[in-house]
Amino acid sequence: MKVAIIGAGNMGGVIARGLAQGTIIPASDVTVADPFSGNLETLQADYPEIRVTTENPKAIEDADIVILAVKPWLIDQILSVIRLEPRQVLVSIAGGVTFEQLVNSVGPEQTIFRLIPNTAISERQSMTLIASRNASKEQEQLMLDIFNELGMAMLIPESQMGATTALTSCGIAYVLKYIQAAMQAGIEMGVCPKDAQKMVAQSVKGAAELILNNDTHPSVEIDKVTTPGGITIKGINELDHAGFTSAVIKAIKAGNVE
C-alpha cells in the first residue's frame, strides 16, 4: 500500500511523520510532494526513508492512496494537473471542500475520502473525522486503521462534517482557551505560570481519559467531586451563573459553517 501526500506543510508533514511511525504504511512507501524544497529537506532529515519530490504528477505515479494536504483554494489547481487512475483512492483534508466539488475534478466513479484531523495529530492524538464516497467497507476500515494510529478516527456521513468539525477541529481551540483562562486564575492566586499550565493541562487530560476509558458521562464524573456544601459545586454554579454552558454551545454552533 503506497501513499502519496501532496503538501509537506503543517498538516501534510505531520501525517507523513505519523505514517512513518505507524505499523501499517512503511516509511519507504510514502512519497511527499511540495513545491518548497525546504519543507521536503526538513521531512527527509527526520525520516530518510520517505521519498520526496517537487513534482505532484511524479508523486502519485505508483500511489494507491493520494492525500491532498493543501489549502482549500488550491484543490482545483492541483487536481487540474494530476490524473488519477480508477484504482487510486483520493483523500482530501481541505476543510469545506465537498464531495460534489471534488467530483467535478475527478469524476463520479472515483473513490474519495474527506478527512478532518485536528492539530493534536502532531502528538498522534488527533480526533480525525472521516467521510467516504464510493468506498468499500474494506477501504473504510483501512482509513480508520491508518488514522487510529494518529489518535482516534471516526467514520461519519458528510452531512455531519460541519457540526463535527466545530466539535473537534474548532473545539480543540476552545479547550485551549479554557486552559489559558484557568492558568490566568492560578497566576492571580500566586501559582507560577509554568506550574499552573502543567496542573491545568494534566487536569484536562485526566478528565478526557475518564470519559474515554470508562465510557462514562461528564455529569457522572462531576457528581463524584461535587460534595454538598463543597467548593467544587460553588465553582460549577459560578460557571453556570456566568453563562459558561451557553457560551460553549454558542461557540461550537458558530463553527458549524459547512
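Computed quantities for the displayed model
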{"read-out": "Residues that are β-branched (Val, Ile, Thr) and over 22 Å from ALA251 (Cα atoms), drawn from segment 166-210", "value": "ILE187, VAL191"}
{"read-out": "Residue that is open to solvent by 60 Å² or more (accessible area, probe 1.4 Å) and not aromatic (Phe, Trp, Tyr), where the choices are ASP29, ASP34, ASP46", "value": "ASP46"}
{"read-out": "Boolean, GLU140 is of a type in the set (Asp, Glu), open to solvent by less than 70 Å² (accessible area, probe 1.4 Å) and under 18 Å from MET11 (Cα atoms)", "value": "no"}
{"read-out": "Helices (runs of 4 or more DSSP H) within segment 7-68 that include 3 or more residues farther than 27 Å from MET152 by Cβ", "value": "37-46, 56-59"}
{"read-out": "Residue identified as within 30 Å of ILE24 (Cα to Cα) and aliphatic (A, V, I, L, M) among MET152, MET189, MET183", "value": "MET152"}
{"read-out": "Residues (of a type in the set (D, E, K, R) and assigned to a loop (DSSP other than H, G, I, E, B)) located in segment 219-258", "value": "GLU258"}
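Matching residues to (1) open to solvent by 20 Å² or more (accessible area, probe 1.4 Å); (2) at pLDDT 95 or above; (3) in a strand (DSSP E or B):
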{"site": "LEU90", "(1), (2), (3)": "no, yes, yes"}
{"site": "GLY96", "(1), (2), (3)": "yes, no, no"}
{"site": "ASN104", "(1), (2), (3)": "yes, no, no"}
{"site": "PHE113", "(1), (2), (3)": "no, yes, yes"}
{"site": "ILE121", "(1), (2), (3)": "no, no, no"}
{"site": "THR128", "(1), (2), (3)": "no, yes, yes"}
{"site": "ALA131", "(1), (2), (3)": "no, yes, yes"}
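The values are calculated or read from the model by the stated rules, or taken from the named source; none is laboratory data. None of these values were measured; they are calculated from a predicted model. Please note: Cβ atoms are built from the backbone with ideal geometry, for glycine as well, and neighbour counts cover all protein chains shown. Protein only, heavy atoms only, side chains kept; ligands, DNA and RNA dropped before computing areas. Shrake-Rupley method; radii C 1.70, N 1.55, O 1.52, S 1.80 Å.
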